[in-house]
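Have a look at the structure below before the remarks.
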Amino acid sequence: MVFFFLFSCETATEKRDQDRLAASARKNEVTRRLMSHYKAVAIFDSSESSLDEVQYTYVYQRMLINEKAPLAFQGYIDDIIQSDSGYILKLGQSLPLLSYRHVIAEVTLTNDEFAAFESKIPSTTKGFFYVMNVSGCFIVRVDSFRTASILEHDSETGDVYVEEDVVKISGRLIDYQLYEKEQSGMIGLR
């Protein structure tokens, strides 16, 4: 009987792993399709291998602002704010744990664009990790691309050091595709 229980747990774990791999493959396909259609550039990709390929900020500034290449921003909706001229989506990007960069984007939509967008997102979210419940690939026409450093002070030694870099991107939403909602791991908590 114990053998059956261990076998059942292993099978459930394997199924979760297979589901995660399948969800990741679907996300990659959505992103690849949008990037290809818009000839968009992805920066600070969330895959582990992309950290070896990170460019200096000026390279991205040239591509996204000077050459007007659209940005494929893979991330989650952190907040939605109403402004005088429409709405602002505040997006965050999940990077590997070893990354020292935090990337945020503020993307504007007109009232009409937001009306269509609003119908595709949940009206409420629950749970501690709610911000990651609505994620996708957002194609953005970038107007501004800035960086800043967050400094930490060690009270024992008096040393000041850079804790992490923050990249802030501002622009207009061109297109998007929301990913399927994840049902496993911390993101699925309710």
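The set of residues from the stretch 106-134 being at pLDDT below 65 and either touching a Leu at 6+ places or on another chain (Cβ under 8 Å) or among the acidic types (Asp, Glu) (or both) comprises Gly127, Phe128, Phe129.
Pro70 meets the conditions (1) surrounded by fewer than 12 Cβ atoms within 10 Å (Cβ to Cβ); (2) within 14 Å of Asp143 (Cβ to Cβ); (3) modelled with pLDDT of 90 or more; (4) not hydrophobic (A, V, I, L, M, F, W, C) in every case but one. The failed one is (1).
Just for the stretch 153-180: of the residues that are of a type in the set (Asp, Glu) and either without any contact (Cβ under 8 Å) to a residue 12 or more places away in the chain or out of contact with any Leu (no Cβ under 8 Å at 6 or more places or on another chain) (or both), which one is farthest from Ser119 (Cα to Cα)? It would help to see each step written out before you state the result.
The first filter runs over the stretch 153-180 and keeps only residues of a type in the set (Asp, Glu), leaving 154, 156, 159, 163-165, 175, 180.
Subsequent filtering for residues that are either without any contact (Cβ under 8 Å) to a residue 12 or more places away in the chain or out of contact with any Leu (no Cβ under 8 Å at 6 or more places or on another chain) (or both) retains 154, 156, 159, 164-165, 180.
Working: Asp154: 47, Glu156: 52, Asp159: 50, Glu164: 36, Asp165: 34, Glu180: 15 Å.
Ranking the candidates gives Glu156 first.
The values are calculated or read from the model by the stated rules, or taken from the named source; none is laboratory data. Given the structure is predicted, the values throughout are model-derived calculations rather than measurements. Ideal geometry is used to build each Cβ from the backbone, glycine not excepted, and the neighbour counts take in all protein chains shown.
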